[in-house]
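*Asks:* The following block contains the structure, expressed as structure tokens.
The values are calculated or read from the model by the stated rules, or taken from the named source; none is laboratory data. These figures come from a predicted structure and were not determined experimentally. Note that each Cβ is placed from the backbone with ideal geometry, even for glycine, and that neighbours are counted across all protein chains shown. What goes into the accessible areas is simple: the full protein's heavy atoms, side chains included, and nothing from ligands, DNA or RNA. Shrake-Rupley method; radii C 1.70, N 1.55, O 1.52, S 1.80 Å.
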Amino acid sequence: MTKQKKTKPRVAIYKFTSCSGCQQALLNAEHDLPDILGALDIVYFKEARRDNFGGPYDLALVEGSISVSEEIEILKELRKETKTLIAMGACAVYGGPQALRNWTNMDELKKSSYRTPEHLDTLNWTGGIGTYVPVDYSIPGCGPSTAQLVEVIANFVQGRLPDLPRHSVCVDCKLADNVCLLVADNKSCLGPVTAAGCGAACPSNNRGCYGCFGPMNAANGMALARVFEKMGNSAEDIVLLFRNQTSNAEAFREVSLAYAQKRRMAA
Amino acid sequence: MALSKAEAELRKKGHFFIEGEAAEQILAGIPDDYSVIGPIREKLAVKYGPIESAADLAYGVTSTEDRGSYRLEDTGKHTLGNARPINSPKRFTHKPEEVLYETSRTQQGNIKYSTGPTRIEKLAFFGLKPCDVNAMSVMDLTFNKNFHDPAYDRNRRNNIIIGLNCLEPGQNCFCATFDTGPTLKDGFDLCLTELDSGYLVEVGSKVGAQIIGDADLRPASQDMLEVKEERAEKARHGMSKAFNLSKAVEALNENYDHPYWEQPSERCLSCANCINVCPTCYCYQIRDKSNVSGSKSVRTRTWDACQNLAFAAVHGGNFRPNRADRLRQWVNHKLNWTIEQYGRAGCVGCGRCITSCPTRIDITEPVWRLGGEGVKLDS
């Protein structure tokens with residue numbers, strides 16, 4: 001077979017409001033980086049390149065939430081010049097911890113930190129990039145799993161749809177033979193409503209799941225919240241449990257809003 | 001010492017007695033090239049896991065189960081049979097993840113297939129609960145009866161089974177329903193019963209006889225067997241969740257579309273804990289995973305579960321998009337449909353699914369709710 005010279009896909013690794021941890025997770029794919037660089041022409045990657053080039057792009061992996069108004073326009077431009085746009089990580093998919101502002105009074109928050117808050121150009125409501133543009137695929141997690149990033153890239157390179165699991169973290173816990181923290185230790189754990197992919201990282205280290213991969217595909221958050229209640233958690237505890245990196249995901253939002261209501265009624 | 005006629009008869013039947021500690025003697029008799037699995041103690045639970053010596057076994061603890069709850073306590077007694085392992089031993093024969101084969105692309109562009117793992121495991125199970133021994137027979141019906149699944153067979157072929165009868169069933173146990181406990185009738189090489197002063201040992205195979213070195217052993221007495229039977233009978237009747245299986249099947253069939261199913265499903269999390277702790281649930285999915293360049297790919301099979309939304313998904317999704325559909329499917333498959341398929345239930349009554357359900361769903365509840373008093377064990 002003669003090797004055909006193919007142009008490599010032009011790729012951008014992009015970032016909005018975020019901690020750069022997702023890009024780091026990609027750079028951590030040390031074993032696969034030679035293959036990735038062999039298959040892709042990564043022309044925009046500020047975390048890893050000195051010089052960066054504009055579109056059009058065949059693929060963009062986008063980290064970060066949309067938290068200031070100028071990001072909306074930049075994102076829309078990026079969408080226009082990108083064939084396949086992938087949200088990478090909890091911020092780009094759900095808004096990340098920046099979305100915690102959605103549950104508070106932003107004006108008061110600004111005043112508490114800045115002497116001249118009127119100079120801030122900050123959105124009062126933060127969401128993932130899917131709030132403003134169509135997204136072709138989402139890789140959840142804070143940070144995302146390096147293995148999943150490589151899996152999605154491998155599938156992109158070979159023209160297949162990625163197939164990341166969206167079942168519960170519990171499945172991964174059972175595969176790893178972990179003893180259930182909910183059942184055997186009365187610990188509040190979001191594992192039964194959270195999408196797998198982390199390899200049950202926190203429960204494997206004796207901590208309840210924080211839900212950073214966002215809701216699983218059949219999440220029943222209210223049922224789990226009622227379990228938390230029976231375990232002795234207050235409404236306030238439950239609000240906080242469901243408000244971490246993925247508080248803006250619908251299946252988690254409905255729980256925290258319901259329990260915030262309960263908390264108000266109790267107060 | 002001359003044996004009485006009754007004692008000679010018990011010796012012939014393979015019923016022996018080991019005074020005091022038995023594990024050390026038995027483990028010493030297991031061939032050196034075997035890996036031994038037994039109940040081990042972790043901080044929060046007893047689990048089946050690899051052991052090196054009798055010192056690794058989970059002595060002196062008891063587990064208390066409730067719906068969605070498992071607690072471990074010290075008993076101060078040097079006994080083994082009072083704690084129920086929270087995991088199931090299926091992970092050693094039907095592994096959570098198993099590589100089936102690997103493919104690679106040669107420089108000429110041809111695809112090369114590897115044969116996959118070929119190692120034949122030698123596994124000895126010590127202190128396996130009767131429900132778990134029976135669960136292995138149930139699993140065999142799928143993987144090792146009409147055809148031999150190579151991956152399963154590799155792990156299962158050389159098993160040595162040393163059972164430990166249950167004289168104190170847990171709160172979620174209902175093996176009496178299926179006659180898969182509390183004591184073993186067959187399917188073992190050796191079967192132990194913990195008595196006050198030592199272990200009653202029943203030999204179930206030549207391998208078992210070799211392990212224990214039966215020639216030098218004292219035969220059991222008729223009294224010991226009676227004590228065992230008496231305690232087993234008490235255990236059998238102590239299982240409040242046990243029910244009459246054929247009546248339960250009728251109730252499940254008659255009420256297939258009963259609105260009751262919505263009730264437990266409303267709180268079902270689809271987390272699949274029930275499936276993954278079940279010693280007889282065998283479903284798996286197969287995934288191909290290639291590297292970025294496409295030069296190598298691995299085909300792996302991993303446990304799958306009918307409660308997962310992506311389970312058996314075809315174009316358009318899962319045939320059972322609702323939690324109620326999936327839960328009803330599972331309960332019926334365990335308690336009902338397998339009987340038609342294999343001649344015995346897919347459930348062995350170990351109760352792990354009840355213990356491990358965060359929202360306290362109980363697989364026996366549909367039976368009681370749909371069948372009422374009529375499904376009582378001795379009805």
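*Asks:* Given the pairs A:Lys174/B:Lys289; A:Lys15/A:Lys174; A:Lys8/A:Lys80; A:Lys8/A:Lys46; B:Lys43/B:Lys90, which are separated by over 27 angstrom at their Cα positions?
*Replies:* Where the Cα-Cα span goes over 27 Å, the pairs concerned are A:Lys15/A:Lys174.
*Asks:* For the charge dipole of region B:27-83, defined by +1 on Lys and Arg C-beta atoms and -1 on Asp and Glu C-beta atoms about the Cα centroid, which residue among B:Leu72, B:Leu27, B:Ala55 has the Cα displaced farthest towards the positive pole?
*Replies:* Going by the charge dipole, the pick is B:Leu72.
*Asks:* Positive end of the dipole of region A:169-266, charges at C-beta (+1 Lys, Arg; -1 Asp, Glu), about the Cα centre: which of A:Val183, A:Ala266, A:Ala196 has its Cα farthest in that direction?
*Replies:* Ranked along the dipole, the leading option is A:Ala266.
*Asks:* Still on this structure: Enter the Cα centre distance for the pair region B:123-163 and region B:167-227, rounded to the nearest angstrom.
*Replies:* Comparing the Cα centres of region B:123-163 and region B:167-227, I get a distance of 18 Å.
*Asks:* Which value results for Rg/Rh of chain B when Rg is the Cα radius of gyration and Rh the Kirkwood radius based on the inverse mean 1/r? Intermediate values should be presented prior to the final figure.
*Replies:* Values: Rg = 22.5 Å, Rh = 22.3 Å.
Looking at chain B, the ratio lands at 1.00.
*Asks:* Only four residue types carry charge here, +1 at the Cβ of Lys and Arg and -1 at the Cβ of Asp and Glu. Report the dipole size of the protein assembly as shown about the Cα centre in Debye, rounded to the nearest 20. Intermediate results must be reported in sequence, preceding the final value.
*Replies:* On the way: 77 positive and 77 negative charges, 335 e Å.
The dipole of the protein assembly as shown has a size of about 1600 debye.
*Asks:* Compute the Cα gyration tensor for region A:10-158, then decide on rounded, prolate or oblate, letting a ≥ b ≥ c be the square roots of its eigenvalues: rounded whenever a/c is under 1.5, prolate when a/b is larger than b/c in the other cases, and oblate in all that remain.
*Replies:* Working: a/c = 2.15, a/b = 1.89, b/c = 1.14.
Prolate.
*Asks:* For peptide B:41-47, compute the average count of partner chain beta-carbon atoms within 10 Å of each residue's beta-carbon. Numbers along the way, then the final one.
*Replies:* Working: counts 0, 4, 4, 9, 5, 1, 3.
Per-residue shielding by partner chains comes out at 4.
*Asks:* So how do B:28-35, B:110-117 stack up, highest first, on mean other-Cβ count within 10 Å? Write out the running numbers ahead of the final one.
*Replies:* Details: B:28-35: 13.1, B:110-117: 11.4.
Descending mean neighbour count gives B:28-35, B:110-117.
*Asks:* Among the listed pairs B:Lys122/B:Lys296; B:Lys5/B:Lys228; B:Lys228/B:Lys334; B:Lys185/B:Lys228; B:Lys13/B:Lys376; A:Lys6/B:Lys296, which are separated by more than 23 Å between their Cα atoms?
*Replies:* Working: B:Lys122/B:Lys296 30 Å; B:Lys5/B:Lys228 21 Å; B:Lys228/B:Lys334 30 Å; B:Lys185/B:Lys228 13 Å; B:Lys13/B:Lys376 35 Å; A:Lys6/B:Lys296 20 Å.
Pairs exceeding the cut-off: B:Lys122/B:Lys296; B:Lys228/B:Lys334; B:Lys13/B:Lys376.
*Asks:* Apply 1/(1 + (r/R0)^6) to the Cβ-Cβ distance of A:Asp237 and B:Glu254, taking R0 = 45 Å, and write down the FRET efficiency to the nearest 0.05.
*Replies:* Working: r = 44 Å, r/R0 = 0.97.
E between A:Asp237 and B:Glu254, to the nearest 0.05, is 0.55.
*Asks:* When the dipole is taken about the Cα centre of region B:260-379, and only Lys, Arg (+1) and Asp, Glu (-1) are charged at their Cβ, what size is it in debye, to the nearest 20?
*Replies:* Numbers: 16 positive and 10 negative charges, 110 e Å.
Charge dipole, region B:260-379, about its Cα centre: 520 debye, nearest 20.
*Asks:* Sequence gap at least 6, Cα distance under 8 Å: using those rules, report the relative contact order of region B:317-362 to the nearest whole percent.
*Replies:* 19
*Asks:* Where a ≥ b ≥ c are the square roots of the eigenvalues of the C-alpha gyration tensor, would you call chain A rounded, which needs a/c under 1.5, or, failing that, prolate if a/b is larger than b/c, or oblate? Before the final figure, lay out each step's value.
*Replies:* Details: a/c = 2.51, a/b = 1.34, b/c = 1.87.
In terms of gyration-tensor shape, oblate.
*Asks:* Of B:Gly349, B:Ile162, A:Ser138, which is farthest towards the positive pole of the protein assembly as shown's charge dipole, taken about the Cα centre with +1 and -1 on the beta-carbons of Lys, Arg and Asp, Glu respectively?
*Replies:* Most positive-ward Cα: A:Ser138.
*Asks:* Same structure, new question: What whole-number value in Å² describes the accessible area per residue of the protein assembly as shown for a 1.4 Å probe? Don't skip to the answer; put the middle values down first.
*Replies:* Numbers: 29440 Å² over 646 residues.
Per-residue accessible area for the protein assembly as shown comes out at 46 Å².
*Asks:* With each run of n ≥ 4 DSSP H residues scored as -39500 (n - 2.57), what mean residue ellipticity at 222 nm is computed for the protein assembly as shown after dividing by its residue count and rounding to the nearest 500 deg cm²/dmol? Spell out each step's value before the answer.
*Replies:* Values: 26 runs with 214 residues, N = 646.
Helix-only estimate at 222 nm: -9000 deg cm²/dmol.
*Asks:* Here is a further query. Nearest 10 degrees is fine. How inclined is helix A:221-230 to the longest principal axis of chain A, computing both from alpha carbons?
*Replies:* It is inclined by approximately 40 degrees.
*Asks:* Skipping prolines and chain starts, which residues have an amide H placed within reach, meaning under 5 Å, of the one on B:Asn158, given they are 5 or more residues away or on another chain?
*Replies:* Answer set, sorted by chain and number: B:Leu123.
*Asks:* Another question, if that's okay. Of all accessible surface on the protein assembly as shown at a 1.4 Å probe, what whole percent is carbon and sulfur? Provide the component values of the computation, followed by the final result.
*Replies:* On the way: 14690 of 29440 Å².
Whole-percent figure for carbon plus sulfur exposure: 50.
*Asks:* In the protein assembly as shown, what percentage of the DSSP-assigned beta bridges are antiparallel, given to the nearest 5?
*Replies:* Details: 50 of 77 bridges.
Of those bridges, close to 65 percent are antiparallel.
*Asks:* Please sort B:215-228, A:181-194 by packing, taking for each peptide the average over its residues of neighbouring beta carbons within 10 angstrom, highest first.
*Replies:* On the way: B:215-228: 15.4, A:181-194: 24.2.
Top to bottom by mean Cβ count within 10 Å: A:181-194, B:215-228.
*Asks:* Also, quick follow-up: How much of the DSSP beta bridge set in chain A is antiparallel, as a percent to the nearest 5?
*Replies:* 25
*Asks:* Could you pull out every one of the lysines with an alpha carbon less than 17 Å from that of A:Lys230, ignoring same-chain neighbours closer than 8 positions?
*Replies:* Answer for A:Lys230, where 17 Å is the Cα cut-off: A:Lys187, A:Lys262, listed by chain and number.
*Asks:* Just to be sure I understand: of the beta bridges DSSP finds with both ends in region A:10-158, what percent are antiparallel, rounded to 5? Mind dumping the intermediate values first?
*Replies:* Numbers: 3 of 20 bridges.
Once the DSSP bridges in region A:10-158 are tallied, antiparallel ones form about 15 percent.
*Asks:* Would you mind getting the Kirkwood hydrodynamic radius of region A:169-266 from its Cα pairs, rounded to one decimal in Å? Intermediate values should be presented prior to the final figure.
*Replies:* Numbers: mean 1/r = 0.0755 Å⁻¹.
About 13.3 Å for region A:169-266.
*Asks:* Using a 1.4 angstrom probe on protein heavy atoms only, which residues from region A:209-256 are buried by at least 10 Å² of accessible area when all chains are present rather than their own chain alone?
*Replies:* Listed in order, they are A:Met216, A:Asn217, A:Ala218, A:Asn220, A:Ala223, A:Leu224, A:Arg226, A:Val227, A:Lys230.
*Asks:* Against the longest alpha carbon principal axis of chain A, how many degrees, from 0 to 90 and to the nearest 10, is the axis of helix A:69-80 turned?
*Replies:* 50
*Asks:* Cross-link candidates for B:Lys12: which aspartates and glutamates have Cα within less than 20 Å, leaving aside residues fewer than 8 places away along the same chain?
*Replies:* B:Asp186, B:Asp189, B:Glu202, B:Asp214, B:Asp216, B:Asp223, B:Glu226, B:Glu229
*Asks:* Right, next: Under 1.5 on a/c is rounded, so check that first for the protein assembly as shown, then, if it is not, pick prolate when a/b is larger than b/c and oblate when it is not; a ≥ b ≥ c are the square roots of the alpha carbon gyration tensor eigenvalues. Intermediate results must be reported in sequence, preceding the final value.
*Replies:* Details: a/c = 2.39, a/b = 1.72, b/c = 1.39.
Prolate shape, in that a/c is at least 1.5 and a/b is the bigger ratio.
*Asks:* Okay, next question. Just need the relative contact order of chain B here, percent rounded to a whole number, with Cα pairs under 8 Å and 6+ apart. Walk me through the intermediate numbers first.
*Replies:* On the way: 728 pairs, mean separation 81.1, N = 379.
Relative contact order comes out at 21 percent.
*Asks:* When the dipole is taken about the Cα centre of chain B, and only Lys, Arg (+1) and Asp, Glu (-1) are charged at their Cβ, what size is it in debye, to the nearest 20?
*Replies:* About 1460 debye.
*Asks:* Next up: For chains B and A, what's the summed buried accessible area, probe 1.4 Å, to the nearest 100 square angstrom?
*Replies:* Working: alone 18580 and 14100 Å², together 29440 Å².
Roughly 3200 Å².
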